[in-house]
1. Between K190 and E418, what FRET efficiency follows from the Cβ-Cβ distance if R0 is 41 Å, with the result rounded to 0.05?
2. With r as the distance between the Cβ atoms of L40 and Q408 and R0 = 56 Å, compute the FRET efficiency 1/(1 + (r/R0)^6) and round to 0.05.
3. Can you flag which of K350/K384; K70/K190; K70/K263; K70/K419 are past 19 Å Cα-Cα?
4. Based solely on C-alpha atoms, express the radius of gyration and the Dmax of region 150-292 in angstrom.
5. Please name whichever of G63, N110, F73 sits farthest to the positive end of the charge dipole of region 36-137, dipole taken about the Cα centre and charges placed at Cβ: Lys and Arg +1, Asp and Glu -1.
6. From the phi angles alone, apply the Karplus equation (6.51, -1.76, 1.60; θ = phi - 60°) to region 371-382 and give each ³J(HN,Hα) in whole Hz, x where the residue is Gly or Pro.
7. Run the reach check for K143 against lysines, Cα to Cα strictly under 19 Å, same-chain hits fewer than 8 apart removed. What comes back?
8. Tabulate in residue order the Karplus-calculated ³J(HN,Hα) for region 43-58, using 6.51 cos²θ - 1.76 cosθ + 1.60 with θ = phi - 60°, rounded to whole Hz; enter x for Gly and Pro.
Amino acid sequence: MLRIFEKTALLQFVLERAQVTGLRADHFGGSIAAFSHHYLPRMHRLGYVAPNVGEIAAKACPGGYVMDSKPGFYDSVVVLDYKSLYPSIIRTFLVDPVGLVEGRHADDRNALVHGPQGTQFSRTRHCLPEIVTTLWHARDAAKRAGNSPLSQALKLLMNSFAGVLGASECRFFNPQLVSAVTLRGHEIMKRTRDFVEQRGYQAIYGDTDSIFIWLKHAHGNSEAHAVAADLVRDINAWWTRTLREEQGLENLLEIEFDTHYAKFFMPTIRGSDVGSKKRYAGLSVNAQGKEEMVYRGLEMARSDWTPLARQFQEGLLSRIFRGEPYRDFVRDYAHATLAGEKDELLIYRKRLRHQLDAYHVNVPPQVRAARLADEHNSRMNRPKHYQHGGWIRYVVTESGPEPLEARQSPADYQHYLEKQLQPIADAMLNPLGESFSALITAQQVLF
């Protein structure tokens with residue numbers, strides 16, 4: 001345990017976090033309190049008092065921008081990220097509770113910063129942009145000094161501010177304020193997409209502060225990195241010109257290069273032709289040419305899929321990415337599953353989120369397995385393990401889900417083919433004009 005603390009610098013992080021938030025070291029969460037710790041003294045010095053909690057009725061606020069994805073396989077996709085996008089928006093567009101009030105009562109509307117939904121902010125009287133700027137410079141200093149715990153604490157604090165403005169429990173809650181940040185983020189991502197596509201590339205996905213750009217054909221690693229560097233330079237320069245010309249603002253937005261995927265896969269939503277969101281895989285290559293398989297939101301990265309499925313997805317995807325034969329792999333894997341050669345990979349591991357007796361109408365497989373396990377424990381005069389939740393490991397058998405500690409029936413291999421392997425395979429094979437069932441049918445004819 002002590003080695004974990006040392007490796008993660010957790011104790012140093014907790015102490016640094018307490019210092020920058022003004023909260024006790026054992027106080028978890030506390031974003032609203034940390035915001036007030038920094039904001040209240042500044043607004044008091046400007047002659048303002050804070051509003052009461054609940055003066056504005058709770059209302060849903062827009063979240064981050066998620067671009068519709070274009071599913072399929074791609075060569076050479078580069079990912080660019082805006083550095084701390086929401087704090088950058090606050091600094092650049094002067095988003096601020098006091099600034100919003102000042103803007104409402106200003107005589108010269110043309111001298112204000114105009115934001116989404118008709119919001120207007122003072123250019124001279126505000127608090128939050130200076131707070132973020134101070135924390136930003138402190139984080140840069142921490143990174144230069146190699147103080148990772150302090151850098152992380154400052155980053156988390158800055159990134160929490162937009163969320164605090166959208167939390168109804170906060171005295172500064174105002175849908176107009178949080179929308180001035182998130183909707184500006186939408187605008188920034190859409191205009192970045194337009195810029196990229198005017199350069200002849202295609203934006204195939206975007207999520208809050210990241211944009212995934214297809215370079216239209218395969219590029220060597222050094223060439224792709226050079227293209228990304230050119231885009232970063234030109235986008236940042238374009239924002240500097242545009243913000244100065246449109247509103248006379250200093251540009252504090254900064255887009256950076258994140259990743260080059262030599263191969264990239266964006267799946268569809270299961271059962272449709274619509275591209276999924278927050279789910280993709282890629283073969284990333286760094287500047288030194290080192291390759292790494294990256295999975296986001298796919299079965300490989302999710303604990304509720306069996307090792308059988310995760311191993312299959314990794315094997316199939318890596319073969320497709322590397323241009324290696326994959327049909328025999330699919331056939332052999334399915335045959336080995338049916339032959340019982342992969343029984344050690346059939347185990348589901350799922351969490352019981354409620355007490356067992358709370359499930360009445362919809363009883364999921366893990367609950368059925370847990371009830372069988374505790375019935376078995378009771379018969380064996382052992383303590384019941386699952387009455388109050390926990391994790392259960394089980395196998396789907398010909399008699400239904402059965403826990404490992406009380407399994408009696410043979411595995412239902414057809415279930416694993418249809419529910420675990422086929423959905424994963426078809427997501428990758430269908431864009432290639434093939435299907436799992438066609439390959440397996442050809443295999444079954446041989447046996």
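Any read-out appearing in this document is the output of simple, stated calculations on the displayed coordinates, not a laboratory observation. If you're wondering where the values come from, they're calculated on a predicted model, not measured in any experiment. With ideal geometry, Cβ positions are generated from the backbone for all residues, glycine too; neighbour counts draw on all protein chains shown.
1. Working: r = 40 Å, r/R0 = 0.99.
For R0 = 41 Å, the calculated efficiency reads 0.50.
2. Numbers: r = 64 Å, r/R0 = 1.15.
The calculated FRET efficiency here is 0.30.
3. Working: K350/K384 17 Å; K70/K190 15 Å; K70/K263 15 Å; K70/K419 25 Å.
Violating the 19 Å Cα-Cα cut-off are K70/K419.
4. Expressed in Å, the Cα Rg and Dmax of region 150-292 come to 17.9, 53.
5. The residue sitting farthest along the positive end of the dipole is N110.
6. Once rounded to whole Hz, the list reads 5, 5, 5, 6, 5, 5, 4, 5, 5, 8, 6, 10.
7. Candidates past the 8-residue exclusion: K7, K83, K155.
8. Whole-Hz 3J(HN,Hα) from phi for region 43-58: 5, 5, 5, 8, x, 10, 10, 6, x, 7, 5, x, 5, 10, 5, 4.
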